[in-house]
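Novice: Here it is: the structure, laid out below.
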Amino acid sequence: MNINFRPSQIRNFFCYFLSSAWQFLLLRILLSACLIFLSSCQGQIQNNDKVIHLTLWQSINPPANRDVFQKLVDRFNHTHADIQVESIYAEGLPKVLTAVVGNAPPDILSFSPQSTGQFVELGAIRPLEDWLEKLPLKSEIIPNLLEESRLDGHIWSVPLYTSNIGIFYRPKLFQAAGITETPKTWEELRLVAKKLTIDRNGDHRPEQYGILLPLGKGEWTVFSWFPFLLSAGGEVVTNNRPNLTNQGAISALKFWQDLIKDGSATLSSPERGYEEDAFLSGRVAMQITGPWTYIMKSNVDYDVFPIPASVGRATVTGTGILYVMKTTPAREQAALKFLEYVLSEEFQKEWSIGTGFLPINIKAAQSKDFQQFISEKPVLKVFMEQVYLAHPRPIIAGYSHLSDSLGRAIEATLLGESAEKALKMAQEHLETIWDSN
């Protein structure tokens, strides 16, 4: 059969064929582009999956200090594309314990060292000594600050900041009393307190007292008394058990009672020993506190001297620490990178200058910027010098019971009970608790 095509038919066929070919080619190009785009998106998603997002719970106060901390966290996040830390304000031990028991803890926790024993018992935190031993930065940490991290042969935390306690005084009141030197020993402190006590009308109710002592059984009272315990060579724990009846503890408590008996010390309102009103008004000439005090922001004349010595010079640390909570190996390793950043000279220098806390990094403390900072706030030099003499409160499980019983003994002694009897009763109570557990 002969098939004859007209020219117009042939032309239309080729036009259709070429049009279809181009459409097919265009379709292939578009499909290839989509595949490339989807592949790119998938790669991006995979990369994002490699970013570890950590939560850090902290209760940093005041808010201005939280702002400084957030700025430093943001800097870490900017320089670590694979790790992003979210800092969350979360206050209170019950909240933390609920999260731990519910298997939903944060990755990093900023908290008080005195909760360490409880967290260890719960299996909530990971030990850090193996990591720390390999860390070059370890040699830059002020050595005695790691005392507050050690328990049962392990290191459970690293310090975020430190501070300690001294005695603030009013120089003008010292001058008016003819006192030209600050006391260096307990006996000198006792004599100075007597000289600073003024009863103008003889009614046995002085208008001015030498020193304020905190009344109450709470942690502030225990914390304030601890430098005197340490200075007397005392302790409150031996082999992870309470030991309140040693001679150092008795001597330290008797000394506070002697100040009361002399009439040269006045007691704070119950559980308000941290308040500075009496000092600021001139009703007391000396107060036991640290560089966080509002006194340093006030307009009154003030200065500070180290805790006077008995057996030796000492004070107590006021340290904030960071735990790595038990989560997964990958998350824990990421958390350790953040801890390394916190321990660095860069972090510690900026954090200390921004908050007034003392650096835990030796290089940061010796840096030109920090030295310039404390030259403008000379009272900080006293606390910085005391850092190397400072020792911690215990971090054993059951510390809350220990602190409560010790606080009650201090309160009872300040109100007239003998130091020996008050400490003996506290010891017996604690032994019952320890034996039952």
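The values are calculated or read from the model by the stated rules, or taken from the named source; none is laboratory data. These numbers come from a predicted model, not from an experiment. Because the Cβ atoms are built from the backbone with ideal geometry, glycine has one as well, and the counts that use them run over all protein chains shown. Accessible surface areas use protein heavy atoms only, side chains included; no ligands, DNA or RNA. Shrake-Rupley method; radii C 1.70, N 1.55, O 1.52, S 1.80 Å.
Novice: For Thr98, indicate whether it is among the β-branched types (Val, Ile, Thr) and free of Cβ contacts under 8 Å to residues at least 24 places away in the same chain.
Specialist: Values: among the β-branched types (Val, Ile, Thr): yes; free of Cβ contacts under 8 Å to residues at least 24 places away in the same chain: yes.
Against the criterion (among the β-branched types (Val, Ile, Thr) and free of Cβ contacts under 8 Å to residues at least 24 places away in the same chain), Thr98 qualifies.
Novice: Looking at the stretch 253-273, which of the residues that are touching a residue at least 60 places away in the same chain (Cβ under 8 Å) and part of a loop (DSSP other than H, G, I, E, B) is surrounded by the fewest Cβ atoms within 10 Å (Cβ to Cβ)?
Specialist: Across the stretch 253-273, the extreme among qualifying residues is Asp262.
Novice: For His154, state whether it is open to solvent by 30 Å² or more (accessible area, probe 1.4 Å), in contact (Cβ under 8 Å) with a residue 24 or more places away in the chain and more than 21 Å from the chain's Cα centre (by Cα).
Specialist: No; evaluated as a whole, the condition is false for this residue.
Novice: Take Gly233 and tell me if it is open to solvent by 10 Å² or more (accessible area, probe 1.4 Å), touching a Ser or Thr at 6+ places or on another chain (Cβ under 7 Å) and at positive phi. Reasoning before the result, please.
Specialist: Working: open to solvent by 10 Å² or more (accessible area, probe 1.4 Å): yes; touching a Ser or Thr at 6+ places or on another chain (Cβ under 7 Å): no; at positive phi: yes.
No: the conditions fail for Gly233.
Novice: So, one more: When you scan the stretch 43-148 for strands (runs of 3 or more DSSP E) that lie fully inside it, which ones turn up with 3 or more residues that are at pLDDT 95 or above and open to solvent by 50 Å² or more (accessible area, probe 1.4 Å)? Walk me through it before giving the result.
Specialist: Details: elements: 52-58, 83-89, 108-111.
Here the list reads 83-89.
Novice: Taking the stretch 278-303 only, how many residues are open to solvent by 10 Å² or more (accessible area, probe 1.4 Å) and assigned to a strand (DSSP E or B)? Steps first, answer last, please.
Specialist: The first filter runs over the stretch 278-303 and keeps only residues open to solvent by 10 Å² or more (accessible area, probe 1.4 Å), leaving 278, 280-283, 291-292, 294, 296-303.
Subset that is assigned to a strand (DSSP E or B): 303.
Residues that pass the stated criteria total 1.
Novice: Which ones in the stretch 165-206 are among the hydrophobic types (A, V, I, L, M, F, W, C) and closer than 24 Å to Val387 by Cα?
Specialist: Hits for the stretch 165-206 are Ile165, Ile167, Phe168, Trp186, Leu189.
Novice: Quick test for you: out of Gln333, Gln371, Gln366, Gln386, pick the one residue that is modelled with pLDDT of 95 or more, farther than 27 Å from Pro63 by Cβ and surrounded by 23 or more Cβ atoms within 10 Å (Cβ to Cβ).
Specialist: Numbers: Gln333 fails: surrounded by 23 or more Cβ atoms within 10 Å (Cβ to Cβ); Gln371 fails: surrounded by 23 or more Cβ atoms within 10 Å (Cβ to Cβ); Gln366 fails: surrounded by 23 or more Cβ atoms within 10 Å (Cβ to Cβ).
Only one candidate qualifies: Gln386.
Novice: Out of the residues in the stretch 167-185 meeting the condition of being of a type outside the set (Ser, Thr, Tyr) and part of a loop (DSSP other than H, G, I, E, B), tell me which one is nearest to Gly312 (Cα to Cα).
Specialist: If we filter the stretch 167-185 for residues that are of a type outside the set (Ser, Thr, Tyr), which is where we start, we get 167-168, 170-179, 181, 183-184.
From what is left, the residues that are part of a loop (DSSP other than H, G, I, E, B) are 170, 177-179, 181, 183-184.
On the way: Arg170: 25, Ala177: 27, Gly178: 27, Ile179: 23, Glu181: 19, Pro183: 14, Lys184: 10 Å.
Checking each candidate, the answer is Lys184.
Novice: Just checking, does the stretch 194-206 include any residue being in contact (Cβ under 8 Å) with a residue 60 or more places away in the chain and surrounded by 23 or more Cβ atoms within 10 Å (Cβ to Cβ)?
Specialist: Scanning the stretch 194-206, I find at least one residue that is in contact (Cβ under 8 Å) with a residue 60 or more places away in the chain and surrounded by 23 or more Cβ atoms within 10 Å (Cβ to Cβ), so the answer is yes.
Novice: I need the full set of residues from the stretch 157-193 which are touching a strand residue (DSSP E or B) at 6+ places or on another chain (Cβ under 6 Å) and open to solvent by less than 20 Å² (accessible area, probe 1.4 Å), in order please. Show your work before the answer.
Specialist: Step one: filter the stretch 157-193 for residues touching a strand residue (DSSP E or B) at 6+ places or on another chain (Cβ under 6 Å), giving 157-171, 173, 182, 185, 193.
Residues satisfying the conditions are Ser157, Val158, Pro159, Leu160, Thr162, Ser163, Asn164, Ile165, Gly166, Ile167, Phe168, Ala193.
Novice: Does the stretch 372-380 contain at least one residue that is of a type in the set (A, V, I, L, M, F, W, C) and within 19 Å of the chain's Cα centre (by Cα)?
Specialist: Residues of the stretch 372-380 of a type in the set (A, V, I, L, M, F, W, C): 373-374, 379-380.
Subset that is within 19 Å of the chain's Cα centre (by Cα): 380.
Yes, because at least one residue in the stretch 372-380 is of a type in the set (A, V, I, L, M, F, W, C) and within 19 Å of the chain's Cα centre (by Cα).
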